[in-house]
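Report on one structure; see the data block that follows.
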Amino acid sequence: MYLSRPAEYALRAATYLAHSEPNKRVRSRDLAEAVNIPAAFLSKIMRRLTEYGIVSAQKGHNGGFLLAKPPAQIRFLDILRAVDFEPTADHCLFGLGNCDAQNPCPLHPEWSKLKDQIEEWASLHTLDDSLQGESRLMR
């Protein structure tokens, strides 16, 4: 399973901010370069993360982005939802339209398990988890 591009970019940007110097804003241009996201796309992602209270944005001199709350309070699920990513079990991998437990495609039972595992992972883990151990992100 792949994450949507906005979901992947949102996780990258938020994780980078979690690894950045606390209370020091990261300029949009620097963030885009650091996490390899096109600047125009990053702007849309950061707008959504700001609307959802995940990041704080400031314009002008000394402006930029920083996390709006401690990394331990930002679940991966919150980040994914900010960019409208919801793994759905009713998406049919066979292209048969929506399938569900009453009208399943051959892959529906296994797809449902994977979706549940992703939701559980995203609900239980926070940006603080990304701070554990050594990371090559900020070297």
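The values are calculated or read from the model by the stated rules, or taken from the named source; none is laboratory data. On a predicted model such as this, the values are computed, not experimentally measured, just so you know. Every residue, glycine among them, receives a Cβ derived from its backbone with ideal geometry; neighbour counts consider all protein chains shown. In case anyone asks, the SASA skips ligands and DNA or RNA and just uses the protein heavy atoms, side chains included. Shrake-Rupley method; radii C 1.70, N 1.55, O 1.52, S 1.80 Å.
Before moving on, here are some points about what is shown:
- Residue match in the range 83-98 (condition: outside any loop (DSSP other than H, G, I, E, B) and in contact (Cβ under 8 Å) with a residue 24 or more places away in the chain): no
- Hey, residue 65 assigned to a strand (DSSP E or B) and either over 30 Å from residue 117 (Cβ atoms) or open to solvent by 20 Å² or more (accessible area, probe 1.4 Å) (or both) or not: yes
- Residue within the range 71-84 that is more than 22 Å from residue 24 (Cβ to Cβ), open to solvent by 30 Å² or more (accessible area, probe 1.4 Å), touching a strand residue (DSSP E or B) at 6+ places or on another chain (Cβ under 6 Å) and not β-branched (Val, Ile, Thr) present: yes
- Any pair with Cβ under 9 angstrom, 6 or more apart, that starts in the range 38-66 at a residue that is in contact (Cβ under 8 Å) with a residue 40 or more places away in the chain and ends at one that is of a type in the set (Phe, Trp, Tyr) and surrounded by 12 or more Cβ atoms within 10 Å (Cβ to Cβ): 55/65
- Filter result for residue 101 (out of contact with any Lys or Arg (no Cβ under 9 Å at 6 or more places or on another chain), closer than 16 Å to residue 9 by Cβ, without any contact (Cβ under 8 Å) to a residue 24 or more places away in the chain and not aromatic (Phe, Trp, Tyr)): no
- Just one of (1) open to solvent by less than 40 Å² (accessible area, probe 1.4 Å); (2) assigned to a loop (DSSP other than H, G, I, E, B); (3) modelled with pLDDT of 95 or more; (4) on the phi < 0 side of the Ramachandran plot fails for residue 53. It is (4).
- Close contacts from the range 114-133, counting a first residue that is within 11 Å of residue 80 (Cβ to Cβ) and aromatic (Phe, Trp, Tyr) and a second that is in a helix (DSSP H, G or I) and open to solvent by 60 Å² or more (accessible area, probe 1.4 Å), with Cβ to Cβ under 6 Å and a gap of 6+ residues or different chains, come to none at all.
- Test: residue in the range 86-108 that is aromatic (Phe, Trp, Tyr) and at pLDDT 85 or above: no
- Index of the failed condition, residue 134 passing every other in (1) of a type in the set (Asp, Glu); (2) surrounded by 14 or more Cβ atoms within 10 Å (Cβ to Cβ); (3) at pLDDT below 85; (4) under 30 Å from residue 21 (Cβ atoms): (2)
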